[in-house]
Amino acid sequence: MLTASVEKPAAVTDFTYRRTHFDVSTAQVLSDQVLQVEDDMDFLGGIGRSFKIARQFDVPSDPFAPSAPLIINTGCLTGSGFMTGLRTYFSGYSPLKRTLEGAPMPSWSAMSGSFGRKLVSTGIGDLILTGAAATPSVLVIEQTADGPQIRLEAAPDQLIGTRTPERINHLNAVYNDHEARSYPAHFAVIGPAGENWKTVWFACIVGSTQEGLMSGEDKFRFAGRLGMGSVLGSKNIHGIVVIAPDETAAKADDRLKEINKQIGRGPQSASFRHPMNRDGLGGTGKNAKLLDGFGVLPVNNFEPHGENLGEPVHLETMRESDDFVLIDKGCFGCQIACHQDFYAAPEGGKDPDPRKARRNPGPYLGRYEYEPAEVSGPNLGILDPHKNLALARLDDDLGFDTISINVVLSYLMDFNSRDGEQLAGGVGFGDAEGAGRVKEDIAYGREALFGKGVKAISEELGGAEFAMHCKGVEHSAYLGQTNPGYPFATAGGHMSMRTFLLYVMDPKARPESADYWVEQITTEGWKCISKDLHGACLFALNPPDQIAEGIESIYGVPFSAERLMDATYHAHILGYALERKQGTTLADYDMPEELFTGQRKGDLPGVNFLSRELFDDIRGSVFEHFNKDIDRLGYSEVFTA
């Protein structure tokens, strides 16, 4: 939360924010500072401030050490009237993202929903957690007249060993009043996967939504990637409760109304809207059909041999099926409504009029978003839409990062297809029941290795050439064969380096040109992380000048698109410098060997351009470019100290 330090602020440096360091071991506040904004990164918030904090900590080997921080914060638009301004950031040293020598690297995961707007209203700007509770605990952050109050409470039985819906439903019953329709509290919890952090390195954090609390359905949002749920679990915190009866968002001028109209109804968000919502293009799930048409939809551990292989589980196929009713929903105050929620058809069948069908659905089955649907479907060889929805929902219930757990499954299935040792009970492509069994075993700590990610598994058992990751972070649902930018993502591969769709979407793409990829990675790909500073959502696709105008409307100080992009690049390079501090060398920025031409997955009908020589040329140039910018931007002392 930003607070003006003068009566009429004229610049971003006329604002302050609160930074609180809480020791979980002693349940004491170690420091509570009101800090003056020093630059645009401070003002924007999010990962820019997180990386500044992370550089103050030395975490040479163990991201679960009590001294290792977990940083929770928001952006300057979080909790404001800016449509989609809801994001919360969980940052720390990732147990998954590691150097070749095993050192953890800093990263973050972002979560939408209403947790962030409540956190802002308590007055918290940055919350740093260190230490670990002696017993399972709940962290409570409460808005008071004297500022935010933080305490630990014993975790009830309903938050130990249970699945995430039961945890959030219990907290909702304790801290909110459903009968009075009063919801002053929102929640973030881990699931069984996060409880078993010693053997699960990719647990997520599950956040409540206003719709979920009001309906009782498991409509959650997720800080999914990089294992921040495992870090939270290592501190023995099973849930976080934020209580803020009063909303304290800054009031904007009249410009914000038009900005929000463009966000919710304009062409910039059309890709993420339902077809009945102002001619939307269908949501993130539309990517499956798009990529499948080019023959580059991940199938059977990122090895598609043909086109239209996943048609039974395309969003469009399922949307038109008589088995399902699809209802699009949105986060608090958002008109984009990108959530594609699937319900069973009611008794008596689905009404042929889609508008009437929406008013009479059967039981809720699960959400359809591209990543969960794809990696738990075609990439596991599973093309049954009912099983696909169930597996994706199971990931959420167990508290997994759905990308990492399913890429682990696809690796195991690939391993078992190669006529050698059989892992995980011989689970194979197409085996939905086996996949569910392995997920349960990993989440509840019955499997000691497979929850540590494909990098760790392949280092112990072999198969590194088809273990789909970069720097330990499993590939998202886009072929690495089409995206040599993956290794230079500072967080999730498609959320922090936007080069993953260029092969099919850029009409000027020159995939066989090293210069093309170097330019895209160094001048364009990192721009997508601006959302991870200011707090608005990726799916709004806000142009930088719209964000700048929104900031001016809300805070009354001048800002510009150029300043936004400059702060974003500073954050990217600081994140890269922190990777170098942990010991990365050129060799850390690599891709699995089978992705290259001449190898099993490198010569596919839909893509066959990425040779080892081309990739080495690209990464050498990018590595040199970013290293020079570490010096140019003054971050060289970060990794030379």
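Being open to solvent by 40 Å² or more (accessible area, probe 1.4 Å) and within 26 Å of Tyr93 (Cα to Cα) is not true of Asp588.
Condition test on Arg393, is it without any contact (Cβ under 8 Å) to a residue 40 or more places away in the chain, charged (D, E, K, R) and open to solvent by 10 Å² or more (accessible area, probe 1.4 Å)? Here the answer is no, as Arg393 does not meet what is asked.
Scan region 560-584 residue by residue and report those that are in contact (Cβ under 8 Å) with a residue 40 or more places away in the chain and outside any helix (DSSP H, G or I). Talk me through it step by step, then tell me what you get.
First pass over region 560-584, keeping only residues in contact (Cβ under 8 Å) with a residue 40 or more places away in the chain: 563-564, 566-584.
Residues satisfying the conditions are Gln582, Gly583, Thr584.
Return the residue satisfying two criteria in turn: it lies in region 613-641 and is outside any helix (DSSP H, G or I) and among the small types (Gly, Ala, Ser), and of such residues it is nearest to Gln481 (Cα to Cα). Taking the candidates together, the pick is Gly634.
The sole residue among Gly362, Gly434, Gly428, Gly420 that is part of a loop (DSSP other than H, G, I, E, B), surrounded by fewer than 24 Cβ atoms within 10 Å (Cβ to Cβ) and in contact with a helix residue (DSSP H, G or I) (Cβ under 8 Å, 6 or more places away or on another chain) is Gly428. None of Ala357, Ala345 is open to solvent by 20 Å² or more (accessible area, probe 1.4 Å) and more than 26 Å from Ala477 (Cβ to Cβ) except Ala345. So which residues in region 585-610 are within 26 Å of the chain's Cα centre (by Cα) and within 22 Å of Asn308 (Cα to Cα), if there are any at all? Hit for region 585-610 is Leu595, nothing else. Looking for something open to solvent by 10 Å² or more (accessible area, probe 1.4 Å), of a type outside the set (Gly, Ala, Ser) and more than 29 Å from Leu30 (Cα to Cα) - is there at least one such residue anywhere in region 99-115? Within region 99-115, one or more residues are open to solvent by 10 Å² or more (accessible area, probe 1.4 Å), of a type outside the set (Gly, Ala, Ser) and more than 29 Å from Leu30 (Cα to Cα). If you go through region 428-456 and pick out every residue that is within 16 Å of Pro95 (Cβ to Cβ), over 23 Å from the mean Cα position of the chain (by Cα) and aliphatic (A, V, I, L, M), you end up with 2.
The residues of region 54-80 that are touching a residue at least 24 places away in the same chain (Cβ under 8 Å), over 15 Å from His570 (Cβ atoms) and aliphatic (A, V, I, L, M), listed by number, are Val59, Ala68, Leu70, Ile71, Ile72, Leu77. Residue check: is Leu595 in contact (Cβ under 8 Å) with a residue 12 or more places away in the chain, open to solvent by 50 Å² or more (accessible area, probe 1.4 Å), of a type in the set (A, V, I, L, M) and within 30 Å of Ala464 (Cβ to Cβ)? Against the criterion (in contact (Cβ under 8 Å) with a residue 12 or more places away in the chain, open to solvent by 50 Å² or more (accessible area, probe 1.4 Å), of a type in the set (A, V, I, L, M) and within 30 Å of Ala464 (Cβ to Cβ)), Leu595 does not qualify.
I'd like to check something: does region 384-396 contain any residue that is touching a Gly at 6+ places or on another chain (Cβ under 7 Å), under 20 Å from Gly445 (Cα atoms) and not hydrophobic (A, V, I, L, M, F, W, C)? Yes, region 384-396 has at least one match.
Tell me, yes or no, whether region 191-202 has at least one residue that is assigned to a strand (DSSP E or B) and either open to solvent by less than 10 Å² (accessible area, probe 1.4 Å) or under 23 Å from Gly79 (Cα atoms) (or both). Within region 191-202, not a single residue is assigned to a strand (DSSP E or B) and either open to solvent by less than 10 Å² (accessible area, probe 1.4 Å) or under 23 Å from Gly79 (Cα atoms) (or both). Restricting Lys97, Lys118 to those that are within 15 Å of the chain's Cα centre (by Cα), at pLDDT 95 or above and charged (D, E, K, R) reduces the list to Lys97. Of all the listed residues (Ser31, Ser67, Ser25), the sole one being open to solvent by 30 Å² or more (accessible area, probe 1.4 Å), among the polar types (S, T, N, Q) and under 20 Å from Trp201 (Cα atoms) is Ser67.
The values are calculated or read from the model by the stated rules, or taken from the named source; none is laboratory data. Note that the structure is predicted; figures quoted are calculated from it, not measured. Methodologically, a virtual Cβ is constructed for each residue, glycine included, from the backbone with ideal geometry; neighbour enumeration extends over all protein chains shown. The protein model used for the area step is the full one, side chains on, heavy atoms only, and it has no ligands, DNA or RNA in it. Shrake-Rupley method; radii C 1.70, N 1.55, O 1.52, S 1.80 Å.
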